[in-house]
Amino acid sequence: MIDTRVSLSCVHQRNAWRLIFLPFNKLHVPQSLPAKTCRAINEELHESLVETCGVNPDDHFCLVARYHPDDILLHPTFLGERDPEATIVIEIALLDGRTDEQKEALFKDVRTRLDSIGFTAGNSIIFLLENNPIDWSFSPAGSVKSVLGL
Amino acid sequence: MIDTRVSLSCVHQRNAWRLIFLPFNKLHVPQSLPAKTCRAINEELHESLVETCGVNPDDHFCLVARYHPDDILLHPTFLGERDPEATIVIEIALLDGRTDEQKEALFKDVRTRLDSIGFTAGNSIIFLLENNPIDWSFSPAGSVKSVLGL
Amino acid sequence: MIDTRVSLSCVHQRNAWRLIFLPFNKLHVPQSLPAKTCRAINEELHESLVETCGVNPDDHFCLVARYHPDDILLHPTFLGERDPEATIVIEIALLDGRTDEQKEALFKDVRTRLDSIGFTAGNSIIFLLENNPIDWSFSPAGSVKSVLGL
C-alpha cells in the first residue's frame, strides 16, 4: 500500500513520468544456471533500470524461464561472440516512451554489471517490447493508467 | 471449418470487427498450480474476453508456462499487495484497436471472476502486447488479414 | 567478428535493410516433440525467413519452450483445423518494417516447408511481435541501431 501511495504522489511531481517505466523482465536461461546466479543477474538488471532509466526501485518484476541445452539455438558469432550454451536472453516488456539514449545506457550498463559479477557480458542478448499504461494491470484496482491517473 | 465460415461471414456484418480480437493468452504460473486450476483460470479469462471485448467464443488459445518458486521474482507490494509465490502473470497478445474502456473492463472482470473461483485476485498481474491482423496466421490459408479479408 | 563486419558492410549497400530483419524465434511445443524435430522445424523457419524476407543467413536465434499436454489449451477448429496436442506456436519478435507481402510469403512458405519435413502444417500457429533497431542488443557494443549505424 505504501508503495502505491508513493507512486501516486510521484506522478504529480515534475519528472514523475521517469518513475513510471514498468519493466517486466523475463530471463531466458540454460536450465543449469543456478537460481542464485539468476537472482544476481536480475538484481543487476534491476539496478541498471533504476540507474539508467529512473525506474522506481520497487518496480521489480522478473520471471526466469529455463531451457534444455538442446532447446537453445543461438548463432555463435552474429553481431557479437557468444557461447550459445551459456547465453541468456533478457526480454523486457516496458512502457513506450524511453529515449534511445536511455536504452543505449541500459544496454551498456547491464553488460558492465554482468561482467562485474563474473558473468561474461558477451553471453547476453537483450531485447525490448513496448506497450502503454493502459496495457498493464497489477491489481484489482484497474489499469496502471487509471490507478496512477496517467 | 464451420468456425472459419462463421468468422468470414461475421466480418461482413456491422460491428464484426468486435469479433476479431484474436487474443493469445499465456499464463505464467507457479509450477505447483494444479492443471485443473489453470484450466479454470483460462476459462474465466476467456469468458471475460468474450463478455467485455466481444471476442468470438471459439477464439480460444492459451499456453500455460510453469516456473519454479526460485524463478518467480515479483515485488510483494508495488502497485498492489500480492503473494509472489502464488502470483500468476497473464500475458495477452492481441490485436491493436481495443479501447481503453474495453481494457479496463477486462481487467476488472477478470479479477472478479478469479475471486469467484477462489483464486485471490490480487495475486494476478495482467499485461497486453498488441499486433495487427497481418501478424497472425492460424492455418496454411495465410494471414488472418487475408483469410478474413480485413 | 567476421559476421559483424559482413553486417556492417551490408548496411552501406543498396537494399541492405533487407538484411536487417533480426528475427528472434520462439517455438512453443508439446514437451514430447523430439529435439531433432524442433531443430528441423527451426531450420526450415530460418530458411524461410532468409528466402522470403531476405534475412541474413547468420541471423539465426531460437528458443524452444516446452509444455505439458495439460498446459496446451488451443481451440481445435477456429480459423483452421488442428490437433491441439500436436500443435506448435511459432512466435517471432522482429523489426518493424516488413511488408504485408513479405509476411504472407513467410506464412505460406513456412507451412510448405513444414509439410515437406513431415510436420502437419495445419498444426502450427504463427504470430509476430515487432520492435525497432534500438530495442535490440546482441553484444556489449550497444544496440543494433548504433552498432550497425542505422
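The values are calculated or read from the model by the stated rules, or taken from the named source; none is laboratory data. On a predicted model such as this, the values are computed, not experimentally measured, just so you know. Note: ideal-geometry Cβ built from the backbone for every residue, glycine included; neighbour counts use all protein chains shown. Quick note on the areas: whole protein, heavy atoms, side chains included, nothing else; ligands and nucleic acids left out. Shrake-Rupley method; radii C 1.70, N 1.55, O 1.52, S 1.80 Å.
Working only within segment A:1-24, note down all residues that are of a type in the set (Phe, Trp, Tyr) and either at pLDDT below 55 or touching a helix residue (DSSP H, G or I) at 6+ places or on another chain (Cβ under 9 Å) (or both).
Correct list: A:Trp17, A:Phe21.
Of everything in segment C:34-63, what is farther than 21 Å from C:Asn131 by Cα and either in contact with a helix residue (DSSP H, G or I) (Cβ under 8 Å, 6 or more places away or on another chain) or free of Cβ contacts under 8 Å to residues at least 12 places away in the same chain (or both)? Give them in sequence order.
C:Pro34, C:Ala35, C:Lys36, C:Cys38, C:Arg39, C:Ile41, C:Glu43, C:Glu44, C:Glu47, C:Glu51
Each row is one residue, and each column tells you yes or no for (1) over 21 Å from C:Cys53 (Cβ atoms); (2) under 19 Å from the mean Cα position of the chain (by Cα); (3) surrounded by fewer than 19 Cβ atoms within 10 Å (Cβ to Cβ).
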position	(1), (2), (3)
C:Pro84	yes, no, yes
C:Leu94	no, yes, no
C:Arg98	no, yes, no
C:Thr112	no, yes, yes
C:Asp115	no, yes, yes
C:Ser146	yes, no, yes
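Against the conditions (1) of a type outside the set (S, T, N, Q); (2) buried (at least 19 other Cβ atoms within 10 Å of the Cβ); (3) under 13 Å from the mean Cα position of the chain (by Cα), where does C:Arg39 fall short? Just the number, please.
Against the list (1) of a type outside the set (S, T, N, Q); (2) buried (at least 19 other Cβ atoms within 10 Å of the Cβ); (3) under 13 Å from the mean Cα position of the chain (by Cα), C:Arg39 comes up short only on (2).
Could you tell me whether segment C:109-130 includes any residue that is at pLDDT 95 or above, acidic (Asp, Glu) and touching a strand residue (DSSP E or B) at 6+ places or on another chain (Cβ under 7 Å)?
No, segment C:109-130 contains no residue that is at pLDDT 95 or above, acidic (Asp, Glu) and touching a strand residue (DSSP E or B) at 6+ places or on another chain (Cβ under 7 Å).
Please go through segment C:57-76 and give me each residue that is open to solvent by 10 Å² or more (accessible area, probe 1.4 Å), at pLDDT below 95 and either of a type in the set (Ser, Thr, Tyr) or in contact with a Leu (Cβ under 8 Å, 6 or more places away or on another chain) (or both), ordered by number.
Residue satisfying the conditions is C:His60 alone.
Considering only segment B:123-136, I want to know if a residue exists there that is open to solvent by 10 Å² or more (accessible area, probe 1.4 Å) and over 26 Å from C:Leu129 (Cα atoms).
Yes: one or more hits.
Among the residues of segment A:131-149, is any within 14 Å of chain C (Cβ to nearest Cβ) and assigned to a strand (DSSP E or B)?
yes
Working carefully through the options B:Leu74, B:Leu95, find the one that is more than 9 Å from chain A (Cβ to nearest Cβ) and out of contact with any Gly (no Cβ under 7 Å at 6 or more places or on another chain).
So the residue among B:Leu74, B:Leu95 that is more than 9 Å from chain A (Cβ to nearest Cβ) and out of contact with any Gly (no Cβ under 7 Å at 6 or more places or on another chain) is B:Leu95.
Would you check if B:Leu27 is within 14 Å of chain A (Cβ to nearest Cβ), modelled with pLDDT of 95 or more, buried (at least 19 other Cβ atoms within 10 Å of the Cβ) and more than 16 Å from the chain's Cα centre (by Cα)?
Here the answer is no, as B:Leu27 does not meet what is asked.
Quick one: count up the residues across segment B:94-109 that are part of a helix (DSSP H, G or I) and aliphatic (A, V, I, L, M).
Result for segment B:94-109: 2.
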